[in-house]
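These notes concern the structure reproduced below.
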Amino acid sequence: MLEKLTETFSGIARRMSGNSKISENNVREAVEEIKTALLEADVNLRVVRRLVNRTMEDALGERVLKSVNPGQQFVKIVHDRIAALLGDETASLNLKGPDTVSVVLMAGLQGSGKTTTAAKLASRLKAEGRRVMLAAADLTRPAAADQLNVLADQVGVAIYREEGSKPEKVARNAFKKAKKEQYNVLIVDTAGRMQVDQELMKEIGRVKDAVSPDEVLLVADAMTGQNAVEIAKSFDETLNLTGIILSKFDSDARGGAALSFKSVVGKPVKFIGVGEKIDQLEPFYPDRIASRILGMGDVVSLVEKAQETIDAGDAEKLQQKMAKATFTLEDYLEQFARMRKMGSMQSIMEMIPGMAGQIDESKLDEAKWKKEEAIILSMTLEERRNHRIIGPPRRKRIAAGSGTNVAAVNRLLKNFDKSRNMMKKMAKNKKLQQQLMGGMAGPKI
Ligand SMILES: Nc1nc2c(ncn2[C@@H]2O[C@H](COP(=O)(O)OP(=O)(O)O)[C@@H](O)[C@H]2O)c(=O)[nH]1
Ligand SMILES: [Mg+2]
């Protein structure tokens, strides 16, 4: 899936995110490569232009070039742009409640995967606890209903068929039966043609009128690239689609269709078919696909979290405090709150200039940190700002207040002194710092 885009994009992502400084030129170069890759992947030209322009605008802003880690910020911008292109969020099916029959109409060209996908959907909805019936409204050849029959048996759902009938009649009667027998969902499989033609549109239009579907889904073959997008446009004009299912995504090395639908047709991709088997249908997650293209797993969410918790200005302030050893227990306490937001202690430590690579995660013990936090919280503001004033009586009071003991308070104060000195040394060592800054902010990719 999407191998080509992934290859280029992950290369750019790796290169850019490794840079602790990027220039306008770096950005321009990377964006140019992105543009070429998208065009090669058969993404709609208009879509490419829009993506490229917006990415440039975002990436050349102050926030990126001056951020803690501009390379990773850039990658995140590209990621977000692609995710937006794919559709902002995962679109699910809009079906009615369990007390009435919801209707899903499958449309598409011949061989696009309608019948297979109808069965896949039936299987999914059945697993969600719905009573599903399939309707065989493809009457172009008898084998079509047989194919659906085999699949229905395999999935274990009901099927409605009529020999020598008309598609709209089959659909109408299936709906009646579904209602009478209290099914929740009726999935109507229809006929396709080799190409979009008036007759096909009229036929499926009549089926639509007969059953007023809740979902009109176009099954589009991802392998046909831009063609799939044009086909979707025609179908949408006649049928007003509610969504698209991109079949054969497993065989789609380019990805042009996936990236163009939302912008060109304005309808979301709701599912992707990733194989011939019944269970090979997945919800379409724009976010995950974008990450997959950029080949970067969790980096995006990490950068997102990091953005929330610390910005470049904060990091600098912190660094100055460390250098002057004016870093107090109050600052220390602030780090706890940040850490909690970040989730991982290791990652926040790595974001503090001079701390990257210095912390051994095995030594970071959540329970111990909670205890330390409790101790600091039991101190007065004055004590937090100047821990030197904390003599034995105060230690006793703090121990009692935090539900710990004097030994724990002593240990914390001693350790704090020690790490402050270490920070001071590190902050003064410019060379070491530069080395460390390079590896800042999250995992290396
Ligand atoms: N690899 C792959 N093959 C698929 C997928 N969906 C459908 N197919 C295959 O595409 C062919 C046509 O499917 P079919 O459902 O009969 O298409 P229809 O003519 O639109 O009803 C069959 O051989 C399916 O097994 C998919 O997601 N991945
Ligand atoms: Mg079929």
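Screening residue 156 with (1) within 16 Å of ligand 1 (Cβ to nearest atom); (2) more than 30 Å from residue 43 (Cβ to Cβ); (3) open to solvent by 10 Å² or more (accessible area, probe 1.4 Å); (4) in contact (Cβ under 8 Å) with a residue 24 or more places away in the chain gives one miss only, at (1). Figure legend. Inter-residue proximity from segment 106-133: first residues near ligand 1 (Cβ under 8 Å from one of its atoms), second residues open to solvent by 60 Å² or more (accessible area, probe 1.4 Å) and not in a loop (DSSP other than H, G, I, E, B), beta-carbon distance below 6 Å, spacing 6+ or different chains. Indicated pairs: 115/147.
Go through segment 177-200 and give me each residue that's away from ligand 2 (no atom under 16 Å from the Cβ) and open to solvent by less than 10 Å² (accessible area, probe 1.4 Å). Within segment 177-200, 178, 185, 186 qualify. Annotation: residue 209 fulfils all but one of (1) within 16 Å of ligand 2 (Cβ to nearest atom); (2) over 35 Å from the mean Cα position of the chain (by Cα); the unmet one is (1). Among the conditions (1) outside any helix (DSSP H, G or I); (2) over 18 Å from residue 280 (Cβ atoms); (3) more than 16 Å from ligand 2 (Cβ to nearest atom); (4) not small (Gly, Ala, Ser), residue 77 misses just one, which is (1). Only one entry of 188, 196, 207 meets the criterion of being touching a Phe, Trp or Tyr at 6+ places or on another chain (Cβ under 9 Å), modelled with pLDDT of 95 or more and within 20 Å of residue 232 (Cβ to Cβ), and that entry is 188. Among the numbered conditions (1) within 16 Å of ligand 2 (Cβ to nearest atom); (2) open to solvent by less than 40 Å² (accessible area, probe 1.4 Å); (3) part of a loop (DSSP other than H, G, I, E, B), the only one that residue 145 does not meet is (3).
In this structure, residue 100 qualifies as in a loop (DSSP other than H, G, I, E, B) and open to solvent by 40 Å² or more (accessible area, probe 1.4 Å). Put simply, of 252, 221 the only residue that is more than 16 Å from ligand 2 (Cβ to nearest atom) and in the same structural domain as residue 112 (by TED's automatic domain parsing) is 252.
The values are calculated or read from the model by the stated rules, or taken from the named source; none is laboratory data. All values derive from a computational prediction rather than experimental measurement. Using ideal geometry, Cβ is built from the backbone for each residue, glycine included, and neighbour counts are taken over all protein chains shown. Accessible surface is based on the protein model in full, side chains and every heavy atom, while ligands, DNA and RNA are left aside. Shrake-Rupley method; radii C 1.70, N 1.55, O 1.52, S 1.80 Å.
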